[in-house]
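Notes for the one structure printed next.
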Amino acid sequence: MTQLTVIDESGSHSFGRVGFGQLGVRADDFARATGWTLKPEGLCKDDLCVPVRDTAAMSNGDDIDVAEFARVTGCNMVRDASRNVVAIGEQASNRAASMATLEAPNFTLPDINGNLVSLSDFAKRKKLILAWSSW
């Protein structure tokens, strides 16, 4: 059985792939790892439920398609098929709310000397954030 690694806001989770959908995994394993469960009222996590119009595309009863989950919940998803890794981002509504305020969330990264630096370390000071990637 092929392993699939799903990375989301709660961490990294490994699942055994099943034959359902593009990226099928066991629904009960997915629920334990992410907190999302398919119920009659939709995909639910705690008090939040997202309606699912086509449950047959989402689940066969035992398994859930991670790609369909991302589409229905409005989350960005990036897949590295060669490594069997999927990264699921925040919901679009959350991203839109943070973009409306133009406030960057706090984050911590190593500086050029390897020391951890947080954005909040520079509170009440003007900040310029430069992002660079080699790929």
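The values are calculated or read from the model by the stated rules, or taken from the named source; none is laboratory data. Quantities reported herein were computed from a predicted structural model and do not represent experimental measurements. When we count neighbours, we look across all protein chains shown, and the Cβ atoms used for this are built from the backbone with ideal geometry, even at glycine.
Observations, loosely collected:
- Note on the stretch 65-82: residues that are at pLDDT 90 or above, of a type in the set (Gly, Ala, Ser) and more than 18 Å from Gln3 (Cα to Cα) amount to 1.
- Taken over the stretch 51-64, the criterion of being surrounded by fewer than 17 Cβ atoms within 10 Å (Cβ to Cβ) and not in a helix (DSSP H, G or I) is satisfied by Pro51, Arg53, Asp54, Asn60, Gly61, Asp62.
- Restricting attention to the stretch 98-111 and to residues that are loosely packed, with under 11 Cβ neighbours inside 10 Å and closer than 24 Å to Val50 by Cα, the residue that is modelled with the lowest pLDDT turns out to be Met99.
- Any hit, the stretch 74-86, residues being part of a strand (DSSP E or B) and of a type in the set (Gly, Ala, Ser): no
- Selection within the stretch 83-133 - closer than 30 Å to Gln3 by Cα, aliphatic (A, V, I, L, M) and in contact (Cβ under 8 Å) with a residue 24 or more places away in the chain: Val85, Val86, Ala87, Ile88
- Selection status of Ala81, in contact with a helix residue (DSSP H, G or I) (Cβ under 7 Å, 6 or more places away or on another chain), surrounded by fewer than 17 Cβ atoms within 10 Å (Cβ to Cβ) and of a type in the set (Gly, Ala, Ser): no
- When the stretch 11-49 is limited to residues that are β-branched (Val, Ile, Thr) and in contact (Cβ under 8 Å) with a residue 24 or more places away in the chain, the one that is surrounded by the most Cβ atoms within 10 Å (Cβ to Cβ) turns out to be Val25.
- Extreme residue, farthest from Trp132 (Cα to Cα), among residues of the stretch 102-120 that are not in a loop (DSSP other than H, G, I, E, B) and not aliphatic (A, V, I, L, M): Ser120
- Pick from the stretch 1-10, criterion exposed (fewer than 13 other Cβ atoms within 10 Å of the Cβ) and out of contact with any helix residue (DSSP H, G or I) (no Cβ under 8 Å at 6 or more places or on another chain), ranking: modelled with the lowest pLDDT: Met1
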